[in-house]
Each structure stands twice: as structure tokens, then as C-alpha cells.
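Let me begin by presenting the structure, written as C-alpha cells, before commenting on it.
The values are calculated or read from the model by the stated rules, or taken from the named source; none is laboratory data. Not measured: the values here are computed from a predicted model. Every residue, glycine as well, gets a Cβ built from its backbone with ideal geometry; the counts of neighbours run over all protein chains shown. When the accessible area is computed, the model is the full protein with side chains, heavy atoms only, and any ligands, DNA or RNA have been set aside. Shrake-Rupley method; radii C 1.70, N 1.55, O 1.52, S 1.80 Å.
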Amino acid sequence: MTALALYWLFLRAVLLSFSGLATVPILHEALVIDHAMLTDAQLNDAIAISQASPGPLGMYVVVVGYFVAGIPGAVAGVLALMTPALLAVPIARLLLRGHSAALQGACSGIVIAASALMMTTGLRLAPQASPTALHLCIVLVGAAVVALTNIKPVWIIAAAAGTGLFLR
Amino acid sequence: MNDSRRRLAVFNTADRRQVESKAVPTATHPLLSFVRASVLHVGAAAAAASLRHDLVRDHRLEARDIDAAYAVSRVTPGTNLLALYAQLGHRLGGWPLAVQAVAVGALLPASFAVVIAALYVYSTSSLVAALMTGARAGGVAVFLGAAVRLLKPQLVGHPWIAVGLASLVLFVSWMFPISLFVVLVVAGCAGAMWLRPS
């Protein structure tokens with residue numbers, strides 16, 4: 001897959017998501033299932049790596065691009081993240097003019113569907129990420145902590161990585 | 001007495017000058033706030049909070065304006081933090097600063113992520129492999145937790161419709177090999193009809 005095709009795929013995914021990790025189901029379907037250019041393990045690695053580096057969680061797209069096509073793929077990921085961000089300025093004007101009810105409803109619908117798709121993808125990725133019962137415990141407890149508390153994800157990743165080291 | 005009054009006047013003048021010099025925007029300083037927020041913070045919330053603190057402290061924008069921009073960024077496609085950067089950059093310096101802010105917000109963290117990814121790819125250490133085995137489990141945990149956190153605010157206005165739509169999408173995406181783009185577009189249309197804010 002060329003960097004341009006990768007950019008187009010990333011852009012479509014980012015345009016239909018309203019949260020950093022909401023693009024995961026789309027990229028999982030396209031790159032892991034359809035094209036087999038990425039493995040579940042690499043996708044998990046990309047998510048973990050992006051959460052150990054500064055910036056938004058959606059930055060995992062750049063790591064996915066790097067895994068698939070090297071530096072050109074990473075550049076495609078960066079550009080795909082940047083492009084929709086500039087749409088925020090005209091959208092803000094639209095919202096402030098009061099033509100927002102249908103738009104806000106559509107956004108809510110997409111966010112709800114995206115969160116359900118994330119759960120589906122997460123449940124499919126979980127077996128690969130939890131080779132032992134203790135790893136499965138990390139997944140379950142970590143998910144509950146993220147969902148119910150304000151602890152930063154980077155601490156969950158750090159604790160999980162430390163546990164992995166302990167289990168070696 | 002006169003001497004102390006004169007000293008106080010000089011101090012006040014100096015203090016006012018200092019405050020005024022902070023309040024006057026310069027050509028480069030706003031971008032430095034974006035750079036700092038992008039490089040020093042992990043996660044969008046921490047970066048947004050840092051940026052808000054800097055811009056309010058420097059009297060560049062009101063806190064309520066930044067909060068409004070943050071709310072809009074939550075309902076724009078793509079990465080929320082970059083959408084916030086675009087809006088604040090646009091307000092501070094028009095389209096040029098909006099583009100610069102988004103570029104800074106994307107390129108700097110991406111560089112860090114690529115360096116870490118390259119180190120991981122070229123590493124042959126069993127220590128790194130063990131670390132990543134645990135980190136993968138943590139990554140999936142964060143991912144599942146993020147899905148729940150994303151859903152929770154949507155349950156406020158129309159809880160039953162939201163739960164019904166989420167359950168339907170979960171069932172359909174688990175059972176059938178349907179295009180996710182189609183699912184999202186159909187969900188958007190359903191939301192425009194039934195999930196409008198009252």
C-alpha cells in the first residue's frame with residue numbers, strides 16, 4: 001500500500017471518528033482483516049507506544065503508518081491527523097450560528113456507534129494481548145480503572161509494562 | 001516618607017510595565033504555548049489544560065472562550081486536541097497560526113512516537129519484549145476503558161435511544177462482516193433524527 005493510499009485510508013477513518021482511539025475499529029478492519037498488512041500484536045503495540053509518548057491518544061495512527069510503510073507511512077498518519085483538525089474552525093462558526101441541532105444529533109449518533117465499535121474491536125484484540133490469566137486480569141482491571149477513574153492512561157500502561165517485566 | 005512614596009511609585013510603574021509587557025501579544029509567543037503543551041504532556045486533557053493555563057495567564061484569551069472552543073472540538077471529526085489547537089490558533093493569529101499550531105501539535109508528538117516505535121522495532125532485548133507484553137495488555141485495557149468513557153456522556157440526553165443504538169451496533173459489528181463506514185454513516189443519520197438536543 002502506497003503512502004498516498006495509506007493517507008486516504010487514515011483520513012477516512014479520522015473523518016468518521018470523534019475521539020483518538022475511535023479510528024481503531026476501521027484501521028483494524030482495513031489493515032489487519034482485509035489487507036493483512038498489520039497484525040493484532042502490532043496494532044496493540046502501536047496503541048501502547050502512542051500512550052507512552054506526548055500528545056493525543058490518536059497519535060497511534062502515526063505508529064501504525066510507521067509499522068506498515070516506514071517513515072512515509074508515519075508522514076501519511078501525521079497529515080491525516082492534521083487535515084480534519086482545520087475543519088474545526090468552520091464547524092465552530094456553523095455551531096455558533098445556531099444551525100446545530102441536527103449536526104449535534106448526528107455527532108452523538110456517530111460517537112455512540114464509534115464507542116460500540118471500539119468495544120467490539122477491543123474484545124477481538126483482548127485474546128492476543130492476554131496470553132495468561134494474569135494478563136487478562138490486567139486488561140479487565142485496567143479497563144475498569146480507565147472507565148471509572150481519572151487516572152491517566154500512561155500510568156496504566158506503565159503499571160502493565162512493569163507487570164509484564166515481573167512475569168518474565 | 002517622600003523617598004518611600006517615590007520608591008513605591010517606581011515599583012508600581014515597574015510592576016505595571018511588567019504586567020503590560022505580559023499582556024501584549026508577540027509574534028512568536030503563542031506558538032510557544034502550543035509547543036510546550038504538545039511536548040510536555042501525555043494525553044489530550046493534560047495538554048489542553050496546560051494550553052488553557054498559559055493563554056489565560058498571558059491574557060491572550062478568556063477562560064470561557066477556551067472552554068467554548070474545547071466544547072466545539074469535542075464535536076468535530078478527528079483528534080479533539082488538534083481541533084482545539086486549530087480554533088485557538090485561528091482566534092489568536094488567523095489561518096497562519098491555526099495551521100502552525102496544528103502542525104506543532106501533530107509533528108512534535110509524532111516524532112516522539114516514531115522514535116519510540118523505531119527503538120522497539122530494532123530492539124532485540126528480551127527485556128523490551130517483556131515490557132511490551134505487559135504494555136499490550138495495558139493498551140487494550142485503556143482502549144476498552146476509553147470506549148466506555150466515550151459512551152458515558154452520550155447517555156445524558158436520550159439514554160434509552162443511546163443504549164439501544166450502542167447495543168445494536170455492538171451486535172451487528174460482532175455478528176456480521178458489515179462495513180464500519182456504513183455503520184457510522186447510518187448511526188449519524190439516526191442521530192440527526194432521534195438524538196437532537198432538546
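Numbers at a glance
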| read-out | value |
| --- | --- |
| Residue match in region B:131-144 (condition: open to solvent by 40 Å² or more (accessible area, probe 1.4 Å), in a helix (DSSP H, G or I), facing chain A (nearest Cβ under 8 Å) and among the aliphatic types (A, V, I, L, M)) | yes |
| Matching residues, region B:84-137, being closer than 18 Å to residue B:41 by Cα and of a type in the set (S, T, N, Q) | B:111 |
| Subset of region B:106-123 [closer than 30 Å to residue B:84 by Cα and open to solvent by less than 70 Å² (accessible area, probe 1.4 Å)] | B:106, B:108, B:109, B:110, B:111, B:113, B:114, B:116, B:117, B:118 |
| Residue tally, condition more than 7 Å from chain B (Cβ to nearest Cβ) and either β-branched (Val, Ile, Thr) or surrounded by fewer than 24 Cβ atoms within 10 Å (Cβ to Cβ) (or both), over region A:42-56 | 1 |
| Test: residue in region A:95-110 that is closer than 15 Å to residue A:21 by Cβ and in contact with a helix residue (DSSP H, G or I) (Cβ under 8 Å, 6 or more places away or on another chain) | yes |
| The one condition in (1) open to solvent by 50 Å² or more (accessible area, probe 1.4 Å); (2) modelled with pLDDT of 80 or more; (3) more than 7 Å from chain B (Cβ to nearest Cβ) that residue A:98 fails to fulfil | (2) |
| Residues located in region A:137-154, provided they are part of a helix (DSSP H, G or I) and farther than 14 Å from residue B:143 by Cα | A:137 |
| Members of region B:168-198 that are within 7 Å of chain A (Cβ to nearest Cβ) and either hydroxyl-bearing (Ser, Thr, Tyr) or not in a helix (DSSP H, G or I) (or both) | B:173, B:195, B:196, B:197 |
| Residue in region B:156-167 that is among the polar types (S, T, N, Q), open to solvent by 70 Å² or more (accessible area, probe 1.4 Å) and part of a helix (DSSP H, G or I) present | no |
| Of the criteria (1) more than 8 Å from chain B (Cβ to nearest Cβ); (2) surrounded by 24 or more Cβ atoms within 10 Å (Cβ to Cβ); (3) in a loop (DSSP other than H, G, I, E, B), which one residue A:17 fails | (1) |
| Given (1) out of contact with any Ser or Thr (no Cβ under 8 Å at 6 or more places or on another chain); (2) facing chain B (nearest Cβ under 7 Å); (3) surrounded by 22 or more Cβ atoms within 10 Å (Cβ to Cβ), index of the condition residue A:73 fails | (2) |
| Leading residue by the ranking (nearest to residue A:149 (Cα to Cα)) among those in region B:144-188 that are touching a Ser or Thr at 6+ places or on another chain (Cβ under 6 Å) and small (Gly, Ala, Ser) | B:147 |
| Region A:123-144: number of residues that are facing chain B (nearest Cβ under 7 Å), out of contact with any Ser or Thr (no Cβ under 7 Å at 6 or more places or on another chain) and not small (Gly, Ala, Ser) | 2 |
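Condition check ((1) open to solvent by less than 20 Å² (accessible area, probe 1.4 Å); (2) at the interface with chain A (Cβ under 7 Å from one of its Cβ atoms)) across all residues:
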site	(1), (2)
B:49	no, no
B:56	no, no
B:68	no, no
B:76	yes, yes
B:88	yes, no
B:91	no, no
B:96	no, no
B:104	no, no
B:125	no, no
